Amino acid sequence: MSAEREGASEDAILGGKLVVRQPRRGHRVGHDAILLAAATPARAGDRAVDLGAGVGAAGLALARRVEGVAVTLLELDPTLAALAVENAARNGLGDRVRVVCLDVAASPKAFAARGLAAGKADCVLMNPPFNAAGNPSPDRTRRLAHVAAQDTLNRWLGAAARLLRPQGVVTLIWRADGLDAVLAALAQGFGAITLLPVYPKPSLPAIRVIARAVKASHAPLTLLGGLLLADAAGRPTAEAEAVLRENAALALASE
């Protein structure tokens, strides 16, 4: 059966370096997933976990950029998890990328039963739902991907802290106007926080913030110069193009 008839599309991302099948309706792969992968520090032999992976774009982009990293894609929705399995295989990454259909809020016992024991991951990446529940989408998958409960950050970062080894690294992307919530949540068990604001154009406020933090570290916060996505005329910047099309790493990915 064709992707069209199944209500899915096949889309090239990263300048064609990845092709992903994803639902035509609901949440679609966007810049956030690629920026998240580009900001995640990993090297060959590392074990990474992508929480709330959807169809797998961020985790697959990380696996494509870093040869030898093993990635687990964790996704609650069985339909999206099945697409993630297909996407890993289609892109020749099935030997290093596996998919687990599980809620981020599941018990430690449930995680361990699926091969995700505490203290084993080198890095965790996440793009949690971050919109308020004021006017939620009628589409269930879009609603799950976008609408955050009050304790979303604490629950997701709690799962990350449990999964990570000592000095393991979490990387997340969030609304820039929610930076205070990010810092408050990271204060519970993380340090050495590094922040990268993401700006749509010159003179406009940041729309996203990418944060990297180290488990059990007491090192101070670092604020990096921001990433500018487009110039005043709306043309993509060279740095944005390098990340979004060439799968280049962002400064946060350096250790």
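What follows is calculated from the coordinates using simple rules that are stated; it is not laboratory data. Keep in mind that this is a model prediction, so the values were computed, not measured. Quick reminder, even Gly has a Cβ in these numbers, built from the backbone with ideal geometry, and neighbours come from all protein chains shown.
Note that region 114-129 has calculated 3J(HN,Hα) couplings of 9, x, 10, 6, 5, x, 10, 7, 8, 8, 10, 10, 7, 10, x, x Hz, one per residue in order, obtained from phi through the Karplus relation 6.51 cos²θ - 1.76 cosθ + 1.60 (θ = phi - 60°); glycine and proline are x. Classification of region 1-93 by its C-alpha gyration tensor yields a prolate form. The axis ratio a/c (a ≥ b ≥ c) is 1.5 or more, and a/b outweighs b/c.
Can you give the FRET efficiency to the nearest 0.05 for Glu241 and His218, using r as the Cβ-Cβ distance and R₀ = 51 Å?
Working: r = 37 Å, r/R0 = 0.73.
Rounded to the nearest 0.05, the efficiency is 0.85.
Can you tell me how region 45-127 classifies by the Cα gyration tensor, rounded, prolate or oblate, using a/c under 1.5 as the rounded cut? Taking the square roots of the gyration eigenvalues as a ≥ b ≥ c, region 45-127 is oblate.
Restricting the calculation to Cα atoms, every distinct pair contributes to the Kirkwood radius of region 30-247, found to be 17.5 Å. Computed over the chain with a Gaussian network model linking Cα atoms closer than 10 Å, the most mobile of Ala211, Ala110, Ala81 is Ala110. Here the contact order of the chain, divided by its residue count and restricted to Cα pairs under 8 Å and six or more residues apart, works out to 19 percent.
Based on the convex hull around the alpha carbon atoms, region 7-48 presents an average projected area of 3.8 nm².
Among Gly94, Gly115, Gly158, the residue with the largest mean-square fluctuation in a Gaussian network model of the chain, with springs joining Cα atoms closer than 10 Å, is Gly115.
Would you please state which residues of region 172-206 a label at Ala118 would reach in this model, taking the label point 7 Å out along Cα→Cβ and a backbone N cut-off of under 17 Å? Residues passing the 17 Å test: 188-190.
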